[in-house]
Amino acid sequence: MTRSTRDTRRNRVYAAEALVWNMFERADQLPGRQVEIFGSRVTLPIERRVVSLESMQTYVDTVLALETVRSRYKRARIPVTVRARRGQSRAHYEYPTATIAMPLHNRSMLREFVLLHEIAHHLQPLGSPGHGRQFCKILCHLVELAIGAEAAWLLHATLADTQADHS
Ligand SMILES: [Zn+2]
């Protein structure tokens, strides 16, 4: 998040993500990982669980080293440091130091989706709103590359659904 722009869409993105994470947890319990979403039957891929700082660092380094990521995002060449964050809070990205802070004691946050969310913050250009359209586009792209097309489709559809202005 930057100081100059209001981050009005953050809660909507969080809500969409919570729905997607629930879907993945449901798929874990189901034979064939098939779930029904927006009227479609979809086989969800497996989301990796990353629990140690070392595995998170390796994961982030690997995503940033992907050719597709390097060629599309200028900031992919800036290395990211993963550090531990105290308490039960959410993960957090610190733009000035390119640091991802992960709450190691909050197991619900120790997942691939969360790391990709923070990497998307790293890749977004300075000045773009924290959780705006550009952020969502980067996040869906990363999810597609790292978890799979069905995961990206689900996230995209859920984001579109929660971001539509019903008011
Ligand atoms: Zn965020």
Query raised in the report: Just how far, in whole angstrom, is the range 20-36 from the range 88-110 if you go by their alpha carbon centroids?
Result: 25
Report summary line: Per the 1/(1 + (r/R0)^6) rule, R0 = 25 Å and r from the Cβ atoms of GLU25 and GLU67, FRET efficiency to 0.05 is 0.20
Query raised in the report: What distance in nm separates the simple spin-label points at ASP7 and THR81, each placed 7 Å from Cα in the Cβ direction?
Result: 2.1
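Treat every Asp and Glu Cβ in the chain as -1 and every Lys and Arg Cβ as +1, leave all other atoms uncharged, and give the resulting dipole magnitude about the Cα centre to the nearest 20 debye.
Numbers: 23 positive and 16 negative charges, 110 e Å.
Using only the charged Cβ atoms, the result is roughly 520 debye.
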Query - For the chain, built as a Gaussian network whose Cα springs stay under 10 Å, the top-fluctuating residue of LEU30, LEU104, LEU116 - result: LEU30
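Report for the range 30-161 the percent antiparallel among DSSP-assigned beta bridges with both residues inside it, nearest 5.
Values: 8 of 13 bridges.
Bridges in the range 30-161 are about 60 percent antiparallel.
Sequence gap at least 6, Cα distance under 8 Å: using those rules, report the relative contact order of the range 10-155 to the nearest whole percent.
On the way: 190 pairs, mean separation 31.9, N = 146.
Relative contact order for the range 10-155 comes out at 22 percent.
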Report summary line: Reported to the nearest 10 Å², VAL42 has, with a 1.4 Å probe, an accessible area equal to 10
Report summary line: A convex hull over the alpha carbons of the chain yields, per residue, a volume in Å³ of 118
Requested in this report: First compute the accessible area of the range 10-155 with a 1.4 Å probe, then give the percent of it belonging to carbon and sulfur atoms.
Outcome: 54
Query - Extension reserve of the GLN88-LEU126 stretch, reckoned as 0.36 nm per residue once the Cα distance is removed - result: 10.9 nm
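Nearest 500 deg cm²/dmol is fine: what mean residue ellipticity at 222 nm does the chain get from its DSSP H runs of n ≥ 4 alone, each adding -39,500 (n - 2.57), divided by its residue count?
Details: 6 runs with 80 residues, N = 167.
The helix contribution divided over the chain gives -15500 deg cm²/dmol.
For the range 28-126, what class follows from the C-alpha gyration tensor (a ≥ b ≥ c being the square roots of its eigenvalues): rounded when a/c is under 1.5, otherwise prolate if a/b is larger than b/c, else oblate?
Oblate, because a/c is 1.5 or more while a/b does not exceed b/c.
The values are calculated or read from the model by the stated rules, or taken from the named source; none is laboratory data. All of these numbers come straight from a predicted model, not from anything done at the bench. Using ideal geometry, Cβ is built from the backbone for each residue, glycine included, and neighbour counts are taken over all protein chains shown. Side chains included, ligands, DNA and RNA excluded: accessible areas come from the protein's heavy atoms. Shrake-Rupley method; radii C 1.70, N 1.55, O 1.52, S 1.80 Å.
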